[in-house]
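Everything below concerns the one structure shown next.
The values are calculated or read from the model by the stated rules, or taken from the named source; none is laboratory data. Remember, predicted model here, so these are calculated numbers, not experimental data. Neighbour counts are summed over all protein chains in view; Cβ atoms, including those assigned to glycine, are modelled from backbone coordinates with ideal geometry.
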Amino acid sequence: MAKKITQKTKTAMPCVDPQERRHTFQEVANGYTDEMAMAEANRCIQCKNRPCIAGCPVEIDIPAFVQQVADGDFDGAYRTLSDKNILPAICGRVCPQEDQCEKLCTLGVKFEPVAIGRLERFVADHANAMGLHTDTASAPAPSGKKVAVIGSGPAGLTVAADLARMGHGVTIFEALHAAGGVLMYGIPEFRLPKTIVQREIHQLEEIGVELKVNHVIGRTFTVDDLFNELGYDAVFIGTGAGLPHFPNIPGVNLIGVYSANEYLTRSNLMKAYKFPETDTPVVRGRNVAVIGGGNTAMDAVRTALRLGADHAYLVYRRTEHEMPARLEEIEHAKEEGVEMVFLAAPVEILGNERSRVRTMRCIRMELGEPDSSGRRSPVPQPGSEFDIDVDVIVFAVGQGANPLIRSTTPDLHYNKWGNISADSKTGATEKKGVFAGGDIVTGGATVISAMGAGRRAARAIHEYLSNPLPDGC
Ligand code: FAD
Ligand code: SF4
């Protein structure tokens, strides 16, 4: 008999009061209690087709772990989750489930879908509180093969974990002083506490992955050195999209103009790692404008509030409806007092006599007719210029591939944006033994899509190491 749904909406996530949290880097969402998690898990109808699994790039058995939560078997739910996802506490916090597993949830046809992401977070946090660890007992005998992974973002971490679990020796080379990529340096503490990132990364070391930080590939070693001097049998490149874009307008060189990348990295170093402010100076700004509409822009504008801004403006050239940021983050930002300026874009930045930002001149936009994909481009409205007085401007208008690997590995193929060309099913590149995945291939995307690319590449690398191609292929 079909299960009767008594609760049509998701169990609400308890959060810190907006007026309190807008001044602190403390995590915004508190997480479910046991009772809330069981109530939410009980909304799952365990439907026959289980479409939610197809919406998960790392193929978690969602109905199984949700049922375990409903039954109060939280340890079992963690074993099911961690079998497929090495970063569940991270994914439960930042993945856009509304566009993935939850989007396909059968319950969502009539009601709100099961809150799969919140349940994932609950299970991972429970495991942490209980000191549960990823299963290491079932590791196969060492294969004798060595794989170098360049970059320790979600793509690199996933490929490393999967290959280690297959018995290969894996070393991650990370340019920065801590592993995690955007998880450590980009996404702020109030959304993703760094202790959680480090804890999940530590589990990789427990399954035998070696981590070498402060190793910039292209400087410390080249990709070819990894094969020829260090004896690696395969290389995975997961170096992300860390090169910020700036618009071509007057004034971008003034003091007080940042890329979101720099602004978030500096404030993360200051707030999460407690670096002295003198080591990582960032102009705090009383009136801060952030340009963009994605998750990065939301993180930057909410960080501005927490660094003490009186006014934090989000300037976006389309409307709220078109914003690519997660809905939840947009809501949180509005609750905290972020001032949204839609259908506007900067055309010039004006400075004072000390070359510091004083004013941002913007132009109003209107959305044009939909193109073949249904997307409406913003069209500037001549004569509609207006000024916003600001002392800090942060651009969150996209990021590209860092050119270092490209300049030192010319025999890889790149697209016109500098991203590595790799097979979407395997991550294989044109260079023998070299695989790639995550943002360095797709351009800026999501944590879970980078993890999915890492998973697919791990399978292909395992296959390659088991049946290497003869030289010359
Ligand atoms: P990255 O996470 O960028 O990691 C690449 C790593 O490679 C870095 O650690 C870098 O230091 C290292 N590296 C680079 N070059 C070298 C080199 N030459 N040698 C050695 N190491 C090198 N996605 C979501 O799903 N949800 C969100 O809420 C979300 N919010 C975001 C907020 C911000 C501020 C940003 C910037 C991105 C956000 N994203 C979000 C996107 C998501 O974080 C990325 O898509 C994801 O991290 C990409 O993973 P990756 O492994 O490809 O690269
Ligand atoms: Fe449960 Fe929704 Fe998955 Fe069906 S699609 S099994 S209802 S989570």
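Regarding the stretch 208-216, can at least one residue be identified that is more than 16 Å from ligand 2 (Cβ to nearest atom) and more than 26 Å from the chain's Cα centre (by Cα)? No, the stretch 208-216 contains no residue that is more than 16 Å from ligand 2 (Cβ to nearest atom) and more than 26 Å from the chain's Cα centre (by Cα). Of the residues making up the stretch 182-192, not a single one is within 30 Å of ARG43 (Cβ to Cβ), at pLDDT 95 or above, within 16 Å of ligand 2 (Cβ to nearest atom) and out of contact with any Leu (no Cβ under 7 Å at 6 or more places or on another chain). Checked against the criterion of being within 13 Å of ligand 1 (Cβ to nearest atom), surrounded by fewer than 24 Cβ atoms within 10 Å (Cβ to Cβ) and either in contact (Cβ under 8 Å) with a residue 24 or more places away in the chain or over 18 Å from the mean Cα position of the chain (by Cα) (or both), the candidates PRO142, PRO96 yield just one match: PRO96.
I'd like the full set of residues that are within 23 Å of HIS245 (Cα to Cα) and at pLDDT 95 or above, limited to the stretch 306-322. Residues satisfying the conditions are ALA312, TYR313, LEU314, VAL315, TYR316, ARG317, ARG318, THR319, GLU320. Take ARG375 and tell me if it is under 18 Å from ALA297 (Cβ atoms) and under 30 Å from the mean Cα position of the chain (by Cα). No.
Just the residues that are touching a Leu at 6+ places or on another chain (Cβ under 6 Å) and without any contact (Cβ under 8 Å) to a residue 60 or more places away in the chain, please, taken from the stretch 320-363. Listed by number, the residues that qualify are VAL338, MET340, ARG358, THR359. Of the candidates HIS177, HIS202, HIS168, the single residue that is more than 18 Å from the chain's Cα centre (by Cα) and within 14 Å of ligand 1 (Cβ to nearest atom) is HIS177. Among the residues making up the stretch 241-258, those that are more than 13 Å from ligand 1 (Cβ to nearest atom) and either at positive phi or of a type in the set (Gly, Ala, Ser) (or both) are GLY251, GLY256.
Looking only at residues in the stretch 69-93 that are surrounded by fewer than 21 Cβ atoms within 10 Å (Cβ to Cβ) and under 23 Å from ASN49 (Cα atoms), the one that is farthest from ligand 1 (Cβ to nearest atom) is ASP71. Scanning the stretch 8-34 for residues that are within 28 Å of VAL109 (Cβ to Cβ), touching a helix residue (DSSP H, G or I) at 6+ places or on another chain (Cβ under 7 Å) and not charged (D, E, K, R) gives THR11, MET13, GLY31, TYR32.
Kindly establish whether VAL149 is at pLDDT 95 or above, within 16 Å of ligand 2 (Cβ to nearest atom) and farther than 28 Å from HIS23 by Cα. Against the criterion (at pLDDT 95 or above, within 16 Å of ligand 2 (Cβ to nearest atom) and farther than 28 Å from HIS23 by Cα), VAL149 does not qualify.
The criterion of at least 2 residues that are within 16 Å of ligand 2 (Cβ to nearest atom) and among the hydrophobic types (A, V, I, L, M, F, W, C) is met, among helices (runs of 4 or more DSSP H) falling completely within the stretch 9-122, by 34-41, 51-54, 62-70, 74-84, 101-104.
Residue check: PHE227 meets all listed conditions (1) hydrophobic (A, V, I, L, M, F, W, C); (2) exposed (fewer than 15 other Cβ atoms within 10 Å of the Cβ); (3) modelled with pLDDT of 95 or more but one, namely (2). Residue-level analysis places ILE349 outside the set of residues that are among the β-branched types (Val, Ile, Thr) and either closer than 30 Å to PHE221 by Cα or part of a loop (DSSP other than H, G, I, E, B) (or both). Scanning the stretch 429-472 for residues that are over 14 Å from the mean Cα position of the chain (by Cα), buried (at least 19 other Cβ atoms within 10 Å of the Cβ) and hydrophobic (A, V, I, L, M, F, W, C) yields VAL434, PHE435, ALA436, VAL441, ALA457, ALA458, ALA460, ILE461, LEU465.
Scanning the stretch 163-201 for residues that are charged (D, E, K, R) and over 13 Å from VAL149 (Cβ atoms) returns ARG165, GLU189, ARG191, LYS194, ARG199, GLU200.
Return yes when THR195 is free of Cβ contacts under 8 Å to residues at least 24 places away in the same chain and either in the same structural domain as ALA460 (by TED's automatic domain parsing) or not hydroxyl-bearing (Ser, Thr, Tyr) (or both) and no when it is not.
yes
Taking the criterion of being farther than 30 Å from LEU163 by Cβ, under 20 Å from the mean Cα position of the chain (by Cα) and not in a strand (DSSP E or B), the residues of the stretch 233-263 that qualify are HIS245, ALA260, GLU262, TYR263.
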